[in-house]
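Please read the structure below before turning to the comments.
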Amino acid sequence: MSATAVSARFTHVLALPGPSAARPGHERATLGWVATQVARILALPFAGFADAAPDLPGRPYLVPQDTLVAGDATRWSIADDGALLGGAVPHAFVASKLITHALVSPAAAAPAGWQSGLGEAMRDVTFAGFSVFAPDDLHEACRRLLEAGGAARVKLADGIGGGGQHVVRDVASAAALLRTLTAAQVEAGIVVEAEVADAATYSVGEMWLGGRAIAYVGTQGLSTGRDGRPVYGGSTLSVVRGRMPDLLGVFRQPRLQRTIEMAIAYDRAAQAAYPALLCSRRNYDVLWGSDSHGNPHGGVLEQSWRVGGATPAELAAFDLLDREPALSRVIASTVERHGPVRVPAHAEVYCVLDDPHCGLITKFRHAGPDIDAPLCLGESDGSTPLDA
């Protein structure tokens with residue numbers, strides 16, 4: 001579907017905030033800015049936020065902050081991936097990191113709609129781990145991974161940006177952690193995964209908008225929040241026209257080839273397990289690190305089927321490739337910094353806000369031709385797994 005066809009099918013673009021963007025702050029401001037850029041690309045008017053706009057005649061093209069679940073998708077008449085920038089899933093857990101791993105046993109607790117074969121189908125492209133929904137299963141998952149050697153990382157289903165994660169090194173520390181978790185947190189789902197050292201995280205993804213598609217491989221960076229803790233600091237992407245399989249003909253480094261292959265395998269397995277999945281923006285975090293024996297290992301951590309921190313860079317690359325037909329590859333970056341910051345002259349600022357929760361935050365982006373593989377996409381990188 002071309003941009004012209006989209007503008008004929010829809011009457012306006014509407015931003016749909018999730019819970020974290022329901023209040024004023026940088027997340028709401030960024031979502032609104034992304035939606036205005038999408039509206040410009042699709043040649044449609046931007047009608048504002050769904051929770052603030054009056055009922056408008058016509059049919060909106062949606063830019064939701066979160067992945068939609070079946071009921072919401074039906075409410076907004078989302079019947080295909082050409083109706084939104086993001087994704088829609090048949091069950092809420094499908095949009096989370098929980099689908100990355102299998103249960104501890106066929107009899108283990110699981111939510112309705114769980115596809116038991118998916119974890120096994122993705123075993124070769126993920127780390128050793130389990131998804132659990134009951135205290136006894138959490139104990140068993142920790143025990144198995146700890147007995148295999150090394151430590152285990154326990155991750156809450158709703159944790160983003162590296163939040164909601166804990167490392168346990170023995171059964172006693174796992175039991176102590178369980179005592180701090182609420183029944184609701186355990187029932188919502190927890191991932192227990194083998195811990196790795198010397199971690200480096202890559203992003204692999206694609207975006208489809210107005211009949212055109214881009215694909216990319218990139219890395220994520222860190223910044224420092226006002227509390228002194230590391231937070232998401234932006235993404236750097238090397239972008240081409242096309243879909244994720246098209247990346248394999250561009251990036252020849254062995255690690256990048258394997259990284260892209262793992263993301264594609266994960267994507268295909270998830271789509272096969274949940275055929276009702278609709279997605280126009282796909283992003284996969286792929287971690288490389290060393291196991292307890294010092295051996296290198298890579299695996300997909302999780303997926304993001306929604307607008308994310310890298311989306312402003314994706315849109316910058318989309319624009320540049322559209323304006324410059326002779327370019328076959330561009331590099332695009334987003335940067336997020338807390339506190340005072342000097343913005344480079346060539347960058348485009350898309351958010352400066354004194355957020356009531358995280359303080360002063362500045363976000364900017366830039367894009368340009370990617371003639372040679374950038375250093376950040378080489379065979380090693382010091383980035384940390386964070387939400388993209």
Point to revise | the range 199-250, subset of a type in the set (Asp, Glu) and at pLDDT 90 or above, residue farthest from ALA332 (Cα to Cα) | key: ASP246
Check your understanding: In this structure, is GLY189 assigned by TED's automatic domain parsing to the domain that holds GLY242 and under 24 Å from TYR284 (Cα atoms)?
Key -> no
Practice item. Would you mind stating whether THR201 is crowded, with 18+ Cβ neighbours inside 10 Å and touching a Pro at 6+ places or on another chain (Cβ under 9 Å)? Key: yes
Study note, to complete from the structure: Counting only residues that are more than 12 Å from LYS97 (Cβ to Cβ) and either assigned to a loop (DSSP other than H, G, I, E, B) or in contact with a Gly (Cβ under 7 Å, 6 or more places away or on another chain) (or both), the range 149-161 contains a total of 4
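Restricting to the range 123-173, give me the number of residues that are hydroxyl-bearing (Ser, Thr, Tyr) and surrounded by fewer than 20 Cβ atoms within 10 Å (Cβ to Cβ). Don't jump to the end; show me each part of the working.
Just the residues of the range 123-173 that are hydroxyl-bearing (Ser, Thr, Tyr), to begin with: 126, 131, 173.
Next, only the ones that are surrounded by fewer than 20 Cβ atoms within 10 Å (Cβ to Cβ) stay: 173.
Final tally of qualifying residues: 1.
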Review point. Just for strands (runs of 3 or more DSSP E) wholly inside the range 1-81: which have at least 1 residues that are among the hydroxyl-bearing types (Ser, Thr, Tyr)?
Key: 60-64
**Study point:** Residue satisfying condition, being modelled with pLDDT of 95 or more and more than 21 Å from the chain's Cα centre (by Cα), within set ALA148, ALA110, ALA174
**Key:** ALA110
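Can you tell me how many residues in the range 87-142 are among the hydrophobic types (A, V, I, L, M, F, W, C) and outside any helix (DSSP H, G or I)? Break it down stepwise before answering.
To start, the set of residues in the range 87-142 that are among the hydrophobic types (A, V, I, L, M, F, W, C) comprises 88-89, 92-95, 98-99, 102-104, 107-110, 112, 114, 118, 121-122, 125, 127-128, 130, 132-134, 138, 141-142.
This time we only want the ones that are outside any helix (DSSP H, G or I), so: 88-89, 102-104, 107-110, 112, 114, 122, 127-128, 130, 132-134.
So the answer is 18.
With GLY82, GLY113 as the choices, which residue is on the phi > 0 side of the Ramachandran plot and outside the structural domain of ARG306 (by TED's automatic domain parsing)?
On the way: GLY82 fails: on the phi > 0 side of the Ramachandran plot.
Step by step, each of GLY82, GLY113 is checked, and only GLY113 is on the phi > 0 side of the Ramachandran plot and outside the structural domain of ARG306 (by TED's automatic domain parsing).
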Check your understanding: What number goes with the only condition from (1) over 30 Å from ALA39 (Cβ atoms); (2) among the hydrophobic types (A, V, I, L, M, F, W, C); (3) assigned by TED's automatic domain parsing to the domain that holds THR362; (4) in a helix (DSSP H, G or I) that LEU146 does not pass?
Key -> (3)
Practice item. Could you tell me whether the range 315-333 includes any residue that is among the charged types (D, E, K, R) and surrounded by 20 or more Cβ atoms within 10 Å (Cβ to Cβ)? Key: no
Review point. Give me the pairs: first residue in the range 337-350 and assigned by TED's automatic domain parsing to the domain that holds LYS363, second residue among the basic types (Lys, Arg) and surrounded by 15 or more Cβ atoms within 10 Å (Cβ to Cβ), beta-carbon distance under 7 Å, and six or more apart or on different chains, which are they?
Key: ALA347/ARG365; GLU348/ARG365; TYR350/LYS363; TYR350/ARG365
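Just the residues that are surrounded by fewer than 19 Cβ atoms within 10 Å (Cβ to Cβ) and either touching a helix residue (DSSP H, G or I) at 6+ places or on another chain (Cβ under 9 Å) or closer than 18 Å to THR219 by Cα (or both), please, taken from the range 269-287. Break it down into steps so the answer makes sense when it comes.
Of the residues in the range 269-287, the ones surrounded by fewer than 19 Cβ atoms within 10 Å (Cβ to Cβ) are 271-276.
Once the filter is applied, which keeps residues that are surrounded by fewer than 19 Cβ atoms within 10 Å (Cβ to Cβ) and either touching a helix residue (DSSP H, G or I) at 6+ places or on another chain (Cβ under 9 Å) or closer than 18 Å to THR219 by Cα (or both), the range 269-287 yields ALA272, ALA273, TYR274, ALA276.
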Review point. Which members of the range 218-230 meet the condition of being buried (at least 21 other Cβ atoms within 10 Å of the Cβ), out of contact with any helix residue (DSSP H, G or I) (no Cβ under 6 Å at 6 or more places or on another chain) and not small (Gly, Ala, Ser)?
Key: GLN220
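Can you tell me which of GLY113, GLY86, GLY82 is buried (at least 21 other Cβ atoms within 10 Å of the Cβ) and of a type outside the set (Phe, Trp, Tyr)? Walk me through how you get there before you give the answer.
Values: GLY113 fails: buried (at least 21 other Cβ atoms within 10 Å of the Cβ); GLY82 fails: buried (at least 21 other Cβ atoms within 10 Å of the Cβ).
Testing whether each residue is buried (at least 21 other Cβ atoms within 10 Å of the Cβ) and of a type outside the set (Phe, Trp, Tyr) leaves just GLY86.
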Exercise for review: Answer yes or no as to whether THR30 is farther than 21 Å from GLY87 by Cβ and of a type in the set (Val, Ile, Thr).
Suggested key: no
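Has the range 116-128 got at least one residue that is aromatic (Phe, Trp, Tyr), touching a residue at least 24 places away in the same chain (Cβ under 8 Å) and within 26 Å of GLN271 (Cβ to Cβ)? It would help to see each step written out before you state the result.
At the first step, the residues of the range 116-128 found to be aromatic (Phe, Trp, Tyr) are 127.
Now narrow it down to the ones that are touching a residue at least 24 places away in the same chain (Cβ under 8 Å): 127.
After this cut, where a residue has to be within 26 Å of GLN271 (Cβ to Cβ) as well, the list is 127.
Yes, that holds for at least one residue.
Quick one: which strands (runs of 3 or more DSSP E) sit completely within the range 300-373 and have at least 1 residues that are under 22 Å from the mean Cα position of the chain (by Cα) and acidic (Asp, Glu)? Quick ask: steps written out before the conclusion?
Working: elements: 329-338, 348-355, 359-369.
Ranges flagged: 329-338.
The values are calculated or read from the model by the stated rules, or taken from the named source; none is laboratory data. Predicted model only: the values in this text are computed from it and were never measured. Positions of Cβ are backbone-derived with ideal geometry, glycine not excepted, and every protein chain shown enters the neighbour counts.
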